[in-house]
Amino acid sequence: MGKNVLTPLRPVWALALTLSLGAAVSLGITRFAYGLLLPAMREDLGWSYTLAGAMNTANAFGYFLGALLTPWLLQRVGASLLLWGGAFLASLFMALSGFFTATEPLMVQRLLAGVASAMVFIAGGLLAARLGAQHPTRGGLLIGFYYGGTGMGIVLSAVLVPWVLEQAGAQLHVWRWAWWLLALACALASAALLWPARVMAQDAASGVGVQGAVAPLQFRWRQFGFALGGYTLFGMGYIGYMTFVVALLRERGSSALAVTVFYGLLGLAVMASSRIWAGLLDRHKSGRTLATLNALLGVATILPALTQSWPVVLASGLLFGGVFLSVVASTTALVRQGSAPLPPCLLLDRSSGPRWWGGSPTVPAA
């Protein structure tokens, strides 16, 4: 067995925090910032809500394709290369979105950005799981740092997008400047990801934390029928909310500052969510956690449609941000509890070949 503790401890927290930039790029910016840009793009390009939703559908479908493709890529290039390579690709596709006004190329860019963001999120989650396995007493917090990176990206988007739309207000197709600024932020984060990707690749090559081979997960589809149905409805609800809630606020006359506050607080709630629900996830490994969190998310999603009261709408954003990524975590706990044996997380690196990383958490594709 290799060494299972990195020394000194301080670089471990730095690694976890830097790895969280992968979640910031893949979900917080590449996937969710579109909701902030939608009002300006819809007004400028004359889109219907159907077309606006189709853009995000393309992105979600691209994410689905990327999630299917990622295991194959992990076997061939390893998680470290896939992390930063996918992040740079996501940055490129974000930038290209600012060069088009026609529907077809914009939809292709959203689809390709979805593919890249899936690669980044899953590869980064796998590396965060490895880091947590090396430090089991802090594993939950280290992995929570990674998921919290999504909130970091949401907060950054909430600050940058309204600012650049105001600064470039006199420019033609003002929204394209927001795409370019977000792409620059993604590129800088991608450059920072080179460090944890390199460190984790070296650890994998030297066998740090390897505990030997264990049996693969045996997933029983029939046992998870209701959970899969609930998770499907979760996907519909949270993507719809993140796509249209800002457009709804703007149509009701909310100021740019109000939208920034709403979206920024939602992002902060995402960053805190892993700690808020840690106890529930530890106590209940059955479908109860998924059902409870899905119910809360349903309440958060419906509130803006029922009232225009600003405190209630703000509470909706806080509740939504504090819940939706924990739904993803609850599916991990459910699958691990209901499958035999407990699933290891497959460690795949080109330098050392495939082997099983026993006991580390399964990383879901959000």
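Is there a residue in segment 80-101 that is surrounded by fewer than 18 Cβ atoms within 10 Å (Cβ to Cβ), on the phi < 0 side of the Ramachandran plot, of a type in the set (G, A, S) and more than 17 Å from the chain's Cα centre (by Cα)? No, segment 80-101 has no match at all.
May I ask you to verify whether L257 is surrounded by fewer than 20 Cβ atoms within 10 Å (Cβ to Cβ), assigned by TED's automatic domain parsing to the domain that holds P304 and either within 26 Å of W310 (Cα to Cα) or at pLDDT 80 or above (or both)?
Working: surrounded by fewer than 20 Cβ atoms within 10 Å (Cβ to Cβ): yes; assigned by TED's automatic domain parsing to the domain that holds P304: yes; either within 26 Å of W310 (Cα to Cα) or at pLDDT 80 or above (or both): yes.
Here the answer is yes, as L257 does meet what is asked.
So for segment 110-127 (the condition being in contact with an Asp or Glu (Cβ under 8 Å, 6 or more places away or on another chain) and assigned by TED's automatic domain parsing to the domain that holds L81), does at least one residue qualify? Steps first, please.
Kept after step one, since they are in contact with an Asp or Glu (Cβ under 8 Å, 6 or more places away or on another chain), are these residues of segment 110-127: none.
Scanning segment 110-127 turns up no residue that is in contact with an Asp or Glu (Cβ under 8 Å, 6 or more places away or on another chain) and assigned by TED's automatic domain parsing to the domain that holds L81.
Scanning segment 271-328 for residues that are modelled with pLDDT under 85, assigned to a loop (DSSP other than H, G, I, E, B) and out of contact with any Ser or Thr (no Cβ under 7 Å at 6 or more places or on another chain) yields H284, K285, S286.
For segment 172-185, does any single residue satisfy the condition of being in the same structural domain as L21 (by TED's automatic domain parsing), touching a helix residue (DSSP H, G or I) at 6+ places or on another chain (Cβ under 7 Å), at pLDDT 90 or above and among the β-branched types (V, I, T)? Looking through segment 172-185, at least one residue is in the same structural domain as L21 (by TED's automatic domain parsing), touching a helix residue (DSSP H, G or I) at 6+ places or on another chain (Cβ under 7 Å), at pLDDT 90 or above and among the β-branched types (V, I, T).
The C-beta contact set for segment 84-107 (first residue outside any helix (DSSP H, G or I), second residue aliphatic (A, V, I, L, M), distance under 6 angstrom, 6+ apart or interchain) comprises F100/L106. For segment 152-175, the condition holds for no residue, the condition being that it is aromatic (F, W, Y) and touching a Gly at 6+ places or on another chain (Cβ under 6 Å). Against the definition (in contact with a Lys or Arg (Cβ under 8 Å, 6 or more places away or on another chain) and either over 29 Å from A14 (Cα atoms) or assigned by TED's automatic domain parsing to the domain that holds Y238 (or both)), how does A58 come out, yes or no? Considered against the rule, which asks whether it is in contact with a Lys or Arg (Cβ under 8 Å, 6 or more places away or on another chain) and either over 29 Å from A14 (Cα atoms) or assigned by TED's automatic domain parsing to the domain that holds Y238 (or both), A58 comes out as yes. Contact annotation: no residue pair with Cβ atoms under 8 Å, 6 or more positions apart or on different chains, pairs a residue in segment 314-329 that is outside the structural domain of I276 (by TED's automatic domain parsing) with a partner that is surrounded by fewer than 24 Cβ atoms within 10 Å (Cβ to Cβ). Any idea which of F32, F88, F64 is hydrophobic (A, V, I, L, M, F, W, C) and at pLDDT 95 or above? Among F32, F88, F64, only F88 is hydrophobic (A, V, I, L, M, F, W, C) and at pLDDT 95 or above. Hey, any hits in segment 26-41 for a residue that's surrounded by fewer than 23 Cβ atoms within 10 Å (Cβ to Cβ), in a helix (DSSP H, G or I) and of a type in the set (S, T, Y)? No, there is no match, as no residue in segment 26-41 is surrounded by fewer than 23 Cβ atoms within 10 Å (Cβ to Cβ), in a helix (DSSP H, G or I) and of a type in the set (S, T, Y).
The values are calculated or read from the model by the stated rules, or taken from the named source; none is laboratory data. These numbers come from a predicted model, not from an experiment. Cβ coordinates were reconstructed from backbone atoms using ideal geometry, including for glycine residues, and neighbour counts include every protein chain displayed.
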